[in-house]
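Values in this text are rule-based calculations from the coordinates and carry no lab data. Computed from a prediction, not measured in an experiment: that's the story for all the values here. All Cβ positions, even for glycine, are placed from backbone atoms using ideal geometry, and neighbour counts span all protein chains on display.
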Ligand SMILES: C[S@@+](CC[C@H](N)C(=O)[O-])C[C@H]1O[C@@H](n2cnc3c(N)ncnc32)[C@H](O)[C@@H]1O
């Protein structure tokens, strides 16, 4: 199993400075690319079907939905586009989370950490665990954390089928514009559920598939009904759907206590 060596701020910085550690990161990247192209390491559910891939899909179908292709790190600039503030109103999404200062929040599919970086100051006695499968995304986030002096974000290199989070360790998992591209959503969410404390929440932000006016590729949008179906499949209970965002559903689920 590939687990992140980047577990604390101090170790994270030391890790990135050491040539041996960089070699290790390169090895992890190699392993990631191998697992991305082939069979992942853990046992995979039989819940998937195959089809001829759509232009933005991977040809794997889960509960009637074709899984989207992963957004490569080459597109990282798009995540931090200034127009995002108005287009998506990310501050409204963060306000909806109603965070406590001690919360431990996992940002799954964190990318460049657009959300992780903004949430970190709101949980000064807690922390953010930023999970992504692309080491390049985590490296970009690392640079931003250094530049801004943020020291309560930990970086975790996930796997296609495992977020590599410690069990019973998080209060909230936030997944923004990423779930639809998890290659093995059932396995990743099983790992997220195991990582949640009882009563902990999962919050999904996904572009609304019900609205054809939202100009996002088809497989990169999700309907609320589909999201609820997929979260129910891993034992999460729907709590509410918040409609405050202009283009995305904000769906709240809870791990039963
Ligand atoms: C469109 S980006 C969104 C990034 C970030 N959440 C944001 O809103 O700015 C999706 C991210 O999910 C990551 N991702 C895809 N599959 C993943 C998985 N199985 N586990 C963790 N991250 C994954 C991708 O590497 C990519 O960085």
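Under the definition of Cα pairs under 8 Å and six or more residues apart, what whole-number percent is the relative contact order of the stretch 93-191? Provide the component values of the computation, followed by the final result.
Details: 171 pairs, mean separation 30.4, N = 99.
Computed value for the stretch 93-191: 31 percent relative contact order.
Classify the stretch 165-232 as rounded, prolate or oblate from the Cα gyration tensor: take a ≥ b ≥ c as the square roots of its eigenvalues, call it rounded if a/c is under 1.5, otherwise prolate when a/b beats b/c and oblate if not. Intermediate values should be presented prior to the final figure.
On the way: a/c = 2.53, a/b = 2.22, b/c = 1.14.
Prolate is the answer for the stretch 165-232, as a/c is 1.5 or above and a/b outweighs b/c.
What FRET efficiency comes out for the pair residue 169/residue 122, r = Cβ-Cβ distance, R0 = 22 Å, nearest 0.05? Walk me through the numbers before you get to the answer.
Numbers: r = 18 Å, r/R0 = 0.84.
About 0.75, to the nearest 0.05.
Provide the packing ranking of 189-198, 224-233, 240-249, i.e. peptides ordered by the mean count of other C-beta atoms within 10 Å per residue, highest first.
Working: 189-198: 19.8, 224-233: 17.6, 240-249: 15.7.
Averaged packing, sorted descending, gives the order 189-198, 224-233, 240-249.
Binning every alpha carbon pair distance of the stretch 63-133 at 10 Å from zero, what are the percents per bin?
17, 43, 32, 7, 0
In what order do 115, 252 fall by count of nearby beta-carbon atoms within 10 Å, going from fewest to most? It would help to have the intermediate numbers written out before the result.
On the way: 115 25, 252 20.
Ranked by crowding around the Cβ, least crowded first: 252, 115.
Given points 7 Å out from each Cα along the Cα-Cβ axis, report the residue 78 to residue 217 separation in nanometres with one decimal.
With each label point 7 Å from Cα toward Cβ, the separation is 0.7 nm.
How far apart, in nanometres, would the label points at residue 96 and residue 229 be if each is projected 7 angstrom from Cα along the Cα-to-Cβ direction?
Here the answer is 2.2 nm between the modelled labels.
Taking R0 as 45 Å, what's the FRET efficiency between residue 45 and residue 86 from their Cβ-Cβ distance, rounded to 0.05? Walk me through the intermediate numbers first.
Working: r = 39 Å, r/R0 = 0.87.
Computed FRET efficiency for residue 45 and residue 86 comes out at 0.70.
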